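Step one of this worksheet: look at the structure below.
Here, each number is a calculation from the coordinates, and none is a lab measurement. Remember, predicted model here, so these are calculated numbers, not experimental data. Glycine gets a Cβ as well: all are built from the backbone with ideal geometry, and neighbour counts include every protein chain shown.
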Amino acid sequence: MLFNYLAVMKYLITFLTAVIFLVGCSDNKQQEFIDSTKNFSVQAPLSLKREKGLNDEAQLQIADKERELYLIGLAENKAEIETTFLETGLITQNNTDNIYNVFSETALKMLLNTVIIDEPEKIKLLNLEINGLPAKQSSFVANVNGLDVYYIFTTIEGTKYYYQLLTWTLEELKDNSDIEMKNIILSFKEN
């Protein structure tokens, strides 16, 4: 009788421990963040909150300061970009087919000019698709104010806008945040 009682108790303790573990691990609830101009949105864990001051031009700024996880998003009017690129000579009237490529490369170069990075010429954009839209993405580690920071930079070609998403964390936290960062980016939706 005592043997059965101990076996049942052992089973109950194991079962309750497993339930508590599974409940604790299933806390991956998401919330939708819509940019200030209502052009795009991303899904992110509940731990991220709206922020101000990450980037003056960004229409979306979210962060989990405890985990050092940040994301900014920008939407830039495609017609305005084309006009600017034509005026500055980045593209010619005969060469407007690759505006998105020029936009992506230019945005990446501008970002790389703000950080310290070894061999920036080795940083390349890879093609991908996000919710049916063409996208380009690069990840790299750079030094900012003496800290090694892991970045994922993404551009997306929408119908009326080119989008930029930049997410970052400390390099030492990369392994804990990389998949989450990529999932936030992959959740991008044009509204």
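List of remarks:
- Scanning the stretch 63-102 for residues that are within 18 Å of the chain's Cα centre (by Cα) and either under 26 Å from Asp178 (Cβ atoms) or part of a loop (DSSP other than H, G, I, E, B) (or both) yields a count of 13.
- Residues of the stretch 141-191 that are of a type in the set (Asp, Glu) and surrounded by fewer than 15 Cβ atoms within 10 Å (Cβ to Cβ): Asp148, Glu172, Asp175.
- Test for Leu112: is it within 18 Å of the chain's Cα centre (by Cα), surrounded by 16 or more Cβ atoms within 10 Å (Cβ to Cβ) and closer than 19 Å to Lys136 by Cα: yes
- Annotation note: of Ser104, Ser177, the sole residue that is touching a Leu at 6+ places or on another chain (Cβ under 9 Å) and under 19 Å from Arg67 (Cβ atoms) is Ser177.
- The stretch 45-62, residues that are over 13 Å from the mean Cα position of the chain (by Cα) and assigned to a strand (DSSP E or B): Lys49, Arg50
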